[in-house]
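The values are calculated or read from the model by the stated rules, or taken from the named source; none is laboratory data. On a predicted model such as this, the values are computed, not experimentally measured, just so you know. Cβ coordinates were reconstructed from backbone atoms using ideal geometry, including for glycine residues, and neighbour counts include every protein chain displayed. Keep in mind that these areas ignore ligands, DNA and RNA; they rest on the heavy atoms of the full protein, side chains included. Shrake-Rupley method; radii C 1.70, N 1.55, O 1.52, S 1.80 Å.
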Amino acid sequence: MPLSGFPEWLPSQRLIEQDILSRIQRTFELYGFAPLETRAVEPLDQLLRKGETSKEVYVLRRLQADEKDTSDDALGLHFDLTVPFARFVLENAGKLQFPFRRYQIQKVWRGERPQEGRYREFYQADIDIVDRDTLPAHYEAEIPLVIGDALGGLPIPKVTIQVNNRKVLEGFYRGLGIGNTEDVLRQVDKLDKIGPAKVTELLTTQGLSGAQAAKILELAEITAADSGFADRVKQLGVSDPLLDEGLEELVRVVDTAVAQAPGLVVADLRIARGLDYYTGTVYETVLEGYERFGSISSGGRYDNLATSGRDVFPGVGISIGVTRLLAILFGRDALTASRSVPTCVLVAVTSEEERPASVSAAAALRRNGIPAEVAPTAAKFGKQIRYAERRGIPYVWFPGEQDSVKDIRSGDQVDADAATWAPPQEDLRPIVTGAV
């Protein structure tokens, strides 16, 4: 019986998932990010210390634990990869070279209400750059370029990365005379889910005036594909040094993207990100034609997440919700694989007595890096060919005094040697394509 929120893909879908993950990994490595995997559990006090996450954390319990053994009581499954990464950096700072660039592709667990595109167990693909003491702002401009390449190399619709800066928001709110900016940020982050009227109601319930709430929503309505957004913010008549600093940083991010990847980035001043640890640029990514599902890749700058005494390791990162992305596209048959199995060649069996010859041929093909399997029975060749057709296997190999191989799509059959024959490159592995 299926469990809600815990996806199990069919083999053909799993092939697609693996292909997508490997493509993302290759792009991350092209940019010099090193691989990392952290443990699945973290101390609860670490998981709960930043943002509104207490309702989402799965705690760890042993079914028959001794009452006196409380060693697992304070552990929970990680709900993202950023908090574990910050802990890893603190514990291994003496062994790392800074700035440290890492990618991490791993499952996480989050106890939220399952719905289309949202799961309780899912893959994330993260990149982060951290430095000791200070982190140059140019890294905030680099992150969306990496994600633009990673997602742009996939057979999916066009993506747009929406960027903002928490300093812009907090500085603007301070300029309005608002003291508790974190609560305001959390409410603004709900704009897409509940709409401006409800957000206004929440803000005024918190003690803000109608004029303050109106200004906050005016700021949130500003979007631009270039740095022109800065002038529109200034026209709202609110001033604060933190606001000026945030605008300067955001202009740099947008200008870099316009120069390097036109059309990729849009400044969108409603983007807030609900987690408290973000301190600078924040990112959210939408898929063209699937905007109603929200962000498929999010992140931002954090200055205070990784700190220990006087040691501070500021960073910037972003995460791709791989399972979320795939679920949305699988639900609309928008991703397909050229075949449902890795097998490129089915080696036919002439008779059970001669099966060893087929096994030897398959072994020779595999030594050449060609995925091959031996037919399950020594049925008539027509039946063995139909077996290959049903599974999408493009070639059937016939052992004999002179081996031959048949492309069952075209019907072409040629003599071949298992030690030297190779298929066209496009047939070697399943090819993943998007909907036309």
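Points worth noting:
- Cβ-Cβ under 9 Å pairs, at least 6 apart or on other chains, the stretch 371-394 side under 15 Å from Arg355 (Cβ atoms), far side of a type in the set (Asp, Glu) and modelled with pLDDT of 95 or more: Thr377/Glu352; Ala378/Glu352; Ala378/Glu353; Ala378/Glu354
- Qualifying strands (runs of 3 or more DSSP E) (wholly inside the stretch 304-386; at least 2 residues being modelled with pLDDT of 95 or more): 315-321, 345-347, 372-374
- Per the conditions (1) open to solvent by less than 10 Å² (accessible area, probe 1.4 Å); (2) among the small types (Gly, Ala, Ser); (3) closer than 17 Å to Arg39 by Cα, the sole criterion not satisfied by Ala141 is (3).
- Pair list, Cβ < 6 Å and 6+ apart or interchain, from the stretch 226-251 residues that are under 19 Å from Arg301 (Cα atoms) to residues that are open to solvent by less than 20 Å² (accessible area, probe 1.4 Å) and polar (S, T, N, Q): Gly246/Asn165; Glu249/Asn165; Leu250/Asn165
- Residues of the stretch 274-289 classified as over 16 Å from the mean Cα position of the chain (by Cα) and either closer than 30 Å to Ile156 by Cβ or among the polar types (S, T, N, Q) (or both), total: 9
- Considering residues of the stretch 376-409 that are hydrophobic (A, V, I, L, M, F, W, C) and within 22 Å of Ser340 (Cα to Cα) only, the residue surrounded by the fewest Cβ atoms within 10 Å (Cβ to Cβ): Phe381
- Hits in the stretch 300-316 - residues which are in contact with a helix residue (DSSP H, G or I) (Cβ under 6 Å, 6 or more places away or on another chain) and surrounded by 14 or more Cβ atoms within 10 Å (Cβ to Cβ): Arg301, Leu305, Ala306, Phe313, Val316
- Residues considered: Gln104, Gln115, Gln97, Gln124. Of these, the only one that is in contact with a Lys or Arg (Cβ under 9 Å, 6 or more places away or on another chain) and polar (S, T, N, Q) is Gln124.
- Among residues of the stretch 270-298, those that are within 16 Å of Lys167 (Cβ to Cβ) and in a strand (DSSP E or B), counted: 3
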